[in-house]
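Notes to accompany the following structure.
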Amino acid sequence: GEMLTYMMTVMHRQPALWRQCHRTAGIGICRLHTSSSSASSKEHYKVLVLGGGTGGIAMSARMKRKLGAENVAVVETSEMHYYQPIWTLVGAGVKSAASSGRPTASVIPPGVKWVKSNVREIDPDTNTVRTDNGMEISYQYLIVALGLQLHYEKIKGLPEIDDWEEFKIGSNYSVLTVEKTWRALQNFKEGNAIFSFPNTPVKCAGAPQKIMYLTDAYLRKTGKRATANVMYNTSLPVLFGIKKYADALWEIVKNRDIQVNLRHNLVEVRANKQEAVFENLDNPGETEVFEYEMLHVTPPMGPNPVIKGSSLADEGGWLDVNKETLQHNKYPNVFGIGDCTNLPTAKTAAAVAAQSSILDRTISKVLKNEMPDTKYDGYTSCPLVTSYSKVILAEFDYSGQPLETFPIDQSKERWTMYHMKADVMPHLYWHGLLKGFWGGPGPIRKIMHLGMK
């Protein structure tokens, strides 16, 4: 028992040592890390967090500060935690995929229990969660941060990921596929570079077109743009959901000779022929076939199946929470954050940051049997990377109106915002948001706009 406790401490406090143990002792250590749990197979925590992504880790850190590490547990199966926003730049060859990940052991707050397994079942009526490794965990409060599901399998004919390079396919939405985008870009000779956007909710709705602008820039830089067609085939009826930024993007698209096909949904890939089949959503059943020399796939996405299969879900399968307090609409001791929820705002890490401070406050009030008083305004942000040195920083709220941090027109392309996206935000993520110290730019916005409004 003491040995185990010591090992756990070592692993949590010294990530480098933990990696070394992991290498030398292999699977034995992994088991040590969780078997304390499956031995008793029943455990109880004051706060149980489901998911070790952005929302889950940020809330674990905040709950540890509020209630003590021994009262908090996180269920997460993945060995690695990724900073996904940087994948746009990985796909364009600016950053390495390795730089986007850190061991999960290094981001779970020291002392917080890591249950290394998948969630199998949530039963909010009995306040219990079952995991794939046979544990039954009861909780007083539950924070659901399970993210969303990528569904590459819903695109007919899409080859196995191992074969993507050969067929010139990439996708910035997964650590397994993001480097394939960069390969396809480097191997581009001439023809169509096609970028898709699915007919489902997605996370980071700007990402499918960011890589398109970077591809355009790369092809110009390497002298291949003259023999290339850059095409954005999107299911949406608009280029971007917020008019102010959409107007700016339409200008860029026209100036750079990029072809936009609205209401086009990718339904099939015929890899051997390098053909992509798109359905016309305005005339269902009608399809159009495009030849491609490079295809960037944004997969259909959907709710986490564990939530979908529980009484926590709304009719769409998303976690049904109050859009202002993030408390569950039916179970007052259940809360949600991030992509897994039905909050009617864009699913981004920036939204999670703003949500984390609201949820922190909501839980503080609930712990004291008081009414939650702070309200989430739907703040979300999307740094629209438009070249290798420029970004349009889109920020908006539930109203669909811009909600900008800086007292300048953020619909203009700026190198300052690119620097923020590429160099500042990763630091803020690892050292601020994940540690529970960054709750979005609300306070900064107020200071920036003093005497401006």
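The values are calculated or read from the model by the stated rules, or taken from the named source; none is laboratory data. Values in this document were obtained by computation on a predicted structure and should not be read as measured data. Neighbour counts are summed over all protein chains in view; Cβ atoms, including those assigned to glycine, are modelled from backbone coordinates with ideal geometry. Heavy atoms of the whole protein, side chains included, go into the accessibility calculation; ligands, DNA and RNA do not. Shrake-Rupley method; radii C 1.70, N 1.55, O 1.52, S 1.80 Å.
Could you list, in sequence order, the residues of region 34-64 that are in a helix (DSSP H, G or I), in contact with a strand residue (DSSP E or B) (Cβ under 7 Å, 6 or more places away or on another chain) and either at pLDDT below 95 or surrounded by fewer than 23 Cβ atoms within 10 Å (Cβ to Cβ) (or both)?
Residues satisfying the conditions are 34, 37, 64.
Of 378, 400, 442, which residue is touching a residue at least 60 places away in the same chain (Cβ under 8 Å) and within 19 Å of residue 325 (Cβ to Cβ)?
Working: 378 fails: touching a residue at least 60 places away in the same chain (Cβ under 8 Å); 400 fails: within 19 Å of residue 325 (Cβ to Cβ).
None of the others qualify; the one that does is 442.
Of all the residues that make up region 331-341, how many are open to solvent by 10 Å² or more (accessible area, probe 1.4 Å), in contact with a strand residue (DSSP E or B) (Cβ under 9 Å, 6 or more places away or on another chain), assigned to a loop (DSSP other than H, G, I, E, B) and not aromatic (Phe, Trp, Tyr)?
Here the count works out to 1.
Is there a residue being open to solvent by less than 10 Å² (accessible area, probe 1.4 Å) and either touching a Leu at 6+ places or on another chain (Cβ under 6 Å) or within 30 Å of residue 253 (Cα to Cα) (or both) anywhere in region 322-330?
Yes - at least one qualifying residue is present in region 322-330.
Please pick out the residue among 404, 395, 370 that is at pLDDT 95 or above, of a type in the set (D, E, K, R) and under 19 Å from the mean Cα position of the chain (by Cα).
Just a single option satisfies the conditions, and that option is 395.
Quick one: in region 407-420, of everything that is in contact (Cβ under 8 Å) with a residue 24 or more places away in the chain and more than 22 Å from residue 243 (Cβ to Cβ), which residue is least open to solvent (accessible area, probe 1.4 Å)?
The qualifying residue least open to solvent (accessible area, probe 1.4 Å) is 418.
Which number in (1) in a helix (DSSP H, G or I); (2) in contact (Cβ under 8 Å) with a residue 12 or more places away in the chain; (3) under 23 Å from residue 447 (Cβ atoms); (4) open to solvent by 10 Å² or more (accessible area, probe 1.4 Å) marks the one condition that residue 355 misses?
That leaves (4) as the condition not met.
If a residue must be farther than 19 Å from residue 70 by Cβ, within 19 Å of the chain's Cα centre (by Cα) and assigned to a loop (DSSP other than H, G, I, E, B), how many such residues does region 89-119 contain?
5
For region 159-189, which positions are among the aliphatic types (A, V, I, L, M), surrounded by 19 or more Cβ atoms within 10 Å (Cβ to Cβ) and farther than 23 Å from residue 421 by Cβ?
Answer for region 159-189, where residues must be among the aliphatic types (A, V, I, L, M), surrounded by 19 or more Cβ atoms within 10 Å (Cβ to Cβ) and farther than 23 Å from residue 421 by Cβ: just 169.
Which numbered condition trips up residue 344, out of (1) part of a loop (DSSP other than H, G, I, E, B); (2) open to solvent by 20 Å² or more (accessible area, probe 1.4 Å); (3) under 20 Å from residue 445 (Cβ atoms)?
Residue 344 satisfies every listed condition except (3).
For region 123-144, give me each residue that is over 16 Å from residue 62 (Cα atoms) and open to solvent by less than 10 Å² (accessible area, probe 1.4 Å).
Residues satisfying the conditions are 124, 129, 131, 135, 137, 139.
Residues being within 18 Å of residue 198 (Cα to Cα), of a type in the set (Ser, Thr, Tyr) and outside any strand (DSSP E or B): count how many of those fall in region 281-327.
2
Only one of 430, 438 is in contact with a helix residue (DSSP H, G or I) (Cβ under 9 Å, 6 or more places away or on another chain) and in a helix (DSSP H, G or I); which?
430
Restricting the search to region 168-185, which residues are more than 21 Å from the chain's Cα centre (by Cα) and assigned to a helix (DSSP H, G or I)?
183, 184, 185
What's the number of the only condition in (1) surrounded by 21 or more Cβ atoms within 10 Å (Cβ to Cβ); (2) part of a helix (DSSP H, G or I) that residue 70 fails to meet?
(1)
Give me a count of the residues in region 281-297 that are surrounded by fewer than 16 Cβ atoms within 10 Å (Cβ to Cβ) and either aliphatic (A, V, I, L, M) or in contact with a helix residue (DSSP H, G or I) (Cβ under 6 Å, 6 or more places away or on another chain) (or both).
Step one: of region 281-297, the residues surrounded by fewer than 16 Cβ atoms within 10 Å (Cβ to Cβ) are 282-289, 291.
From what is left, the residues that are either aliphatic (A, V, I, L, M) or in contact with a helix residue (DSSP H, G or I) (Cβ under 6 Å, 6 or more places away or on another chain) (or both) are 289.
Going through region 281-297 one residue at a time, the tally reaches 1.
When you check residue 192 against the structure, is it touching a Leu at 6+ places or on another chain (Cβ under 8 Å), crowded, with 16+ Cβ neighbours inside 10 Å and either part of a strand (DSSP E or B) or modelled with pLDDT of 95 or more (or both), yes or no? Even if it seems obvious, please write down each step before you answer.
Details: touching a Leu at 6+ places or on another chain (Cβ under 8 Å): no; crowded, with 16+ Cβ neighbours inside 10 Å: yes; either part of a strand (DSSP E or B) or modelled with pLDDT of 95 or more (or both): yes.
Answer is no for this residue.
Assess whether residue 366 counts as being in contact (Cβ under 8 Å) with a residue 40 or more places away in the chain and buried (at least 21 other Cβ atoms within 10 Å of the Cβ).
no
From the list 232, 213, exactly one residue is in a helix (DSSP H, G or I), modelled with pLDDT of 95 or more and open to solvent by less than 70 Å² (accessible area, probe 1.4 Å). Which is it?
Testing whether each residue is in a helix (DSSP H, G or I), modelled with pLDDT of 95 or more and open to solvent by less than 70 Å² (accessible area, probe 1.4 Å) leaves just 213.
Could you say whether any residue in region 83-90 is surrounded by fewer than 22 Cβ atoms within 10 Å (Cβ to Cβ), polar (S, T, N, Q) and either out of contact with any helix residue (DSSP H, G or I) (no Cβ under 8 Å at 6 or more places or on another chain) or within 21 Å of residue 338 (Cα to Cα) (or both)?
No: region 83-90 contains no residue that is surrounded by fewer than 22 Cβ atoms within 10 Å (Cβ to Cβ), polar (S, T, N, Q) and either out of contact with any helix residue (DSSP H, G or I) (no Cβ under 8 Å at 6 or more places or on another chain) or within 21 Å of residue 338 (Cα to Cα) (or both).
Looking at region 421-444, which of its residues are basic (Lys, Arg) and either more than 17 Å from the chain's Cα centre (by Cα) or open to solvent by 30 Å² or more (accessible area, probe 1.4 Å) (or both)?
Scanning region 421-444 gives a single hit, 435.
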